[in-house]
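A.B. asks: Pasting in a structure now, in structure tokens, and then I'll have a few things to ask.
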């Protein structure tokens, strides 16, 4: 009887621990991200402008934010989204907000970087942004609601660029197709799919229009 | 049986079980950081 009572108490305690874990995952992580976003907003506002030459947009190579530092601001009116995108897609980076897929350089290692040139909003190439679907503020919780024609707006230190959603896709988690660069000025948003699962990846493609 | 136990002993036991719950939560958080993809 004594052992049964002990085992019962143990199960109740472990159950409480599981509930605490769920509460932290669904809400606690969001509070953390919200605090980080407030700091990033202030930091982004204070960052100096990046001067680019007239004509085709080409961000200078000297613009290389550190991991987890503000890269640009992303707004998606359709899903009421407005957050700072940080540099990098590592675990710590995505805890702060959506992350900009970087090129491989000091601070960014495989597989969380690309050997292709890093693309920035406005440039002729693919800007890739990854974000959480269900935890850490769930920035891309409603990404599946986007339809062709919806606006994706990037505010950068060298100007504002508007993209328009062209298509959405669902791929396997190990698909590397989106990391391949091309000459089309577009932004690609990725997150886990379906919600509360990591079985697939949801991809939203948007083309530069202004 | 618990009627004979002092308040101190009961509180001590509750704290111990709370510690077990907390440790479970911490282990699960650590595991989830390792096992779940970064964009979960």
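Every number here is computed from the coordinates shown, using simple stated rules; none is lab data. If you're wondering where the values come from, they're calculated on a predicted model, not measured in any experiment. FYI the Cβ positions are ideal-geometry reconstructions off the backbone, even for glycines, and counts take in every protein chain you see.
A.B. asks: Using alpha carbons only, how many angstrom separate the centre of region A:128-164 from the centre of region A:1-22?
C.D. replies: 42
A.B. asks: According to the square roots a ≥ b ≥ c of the eigenvalues of the Cα gyration tensor, what is the shape class of chain A, taking rounded for a/c under 1.5, prolate for a/b larger than b/c otherwise, and oblate for the remainder?
C.D. replies: Prolate.
A.B. asks: Can you give me the C-alpha center-to-center distance between region A:33-57 and region A:165-180, rounded to a whole angstrom?
C.D. replies: About 27 Å separates the Cα centre of region A:33-57 from the one of region A:165-180.
A.B. asks: Name the shape class, rounded, prolate or oblate, that the alpha-carbon gyration tensor gives for region A:32-149, where a ≥ b ≥ c are the square roots of its eigenvalues, rounded holds for a/c under 1.5, and otherwise prolate holds if a/b is larger than b/c and oblate otherwise.
C.D. replies: rounded
A.B. asks: If one takes the longest principal axis of the Cα atoms in chain A, at what angle in degrees, from 0 to 90 and to the nearest 10, does the Cα axis of helix A:29-46 lie?
C.D. replies: 20
A.B. asks: For region A:19-90, compute Rh as the Kirkwood radius over C-alpha pairs and then the Stokes-Einstein diffusion coefficient at 20 °C and 1.002 mPa s; write the answer in µm²/s, rounded to an integer.
C.D. replies: 147
A.B. asks: Inside 10 Å of the C-beta atoms of B:14-22, what's the mean count of C-beta atoms belonging to other chains?
C.D. replies: Mean number of neighbouring Cβ atoms from other chains: 4.
A.B. asks: Let me ask something additional. Using Cα atoms only, what is the angle between the long axis of helix A:2-23 and the major principal axis of chain A, expressed in degrees (0 to 90) to the nearest 10?
C.D. replies: So the helix axis and the longest Cα principal axis differ by about 20 degrees.
A.B. asks: Under 1.5 on a/c is rounded, so check that first for region A:53-94, then, if it is not, pick prolate when a/b is larger than b/c and oblate when it is not; a ≥ b ≥ c are the square roots of the alpha carbon gyration tensor eigenvalues.
C.D. replies: It comes out oblate by the Cα gyration axes.
A.B. asks: When the helices in chain A are scored as -39500 (n - 2.57) per DSSP H run of 4 or longer and the sum is shared across all residues, what 222 nm value do you end up with, to the nearest 500 deg cm²/dmol?
C.D. replies: Counting only the DSSP helices, I get -7000 deg cm²/dmol.
A.B. asks: Would you order A:93, A:80 from fewest to most other beta-carbon atoms within 10 Å of each residue's own beta-carbon?
C.D. replies: Ascending number of Cβ neighbours within 10 Å: A:80, A:93.
A.B. asks: If you count the DSSP beta bridges with both ends in chain A, what percent of them are antiparallel, to the nearest 5?
C.D. replies: About 80 percent, rounded to the nearest 5.
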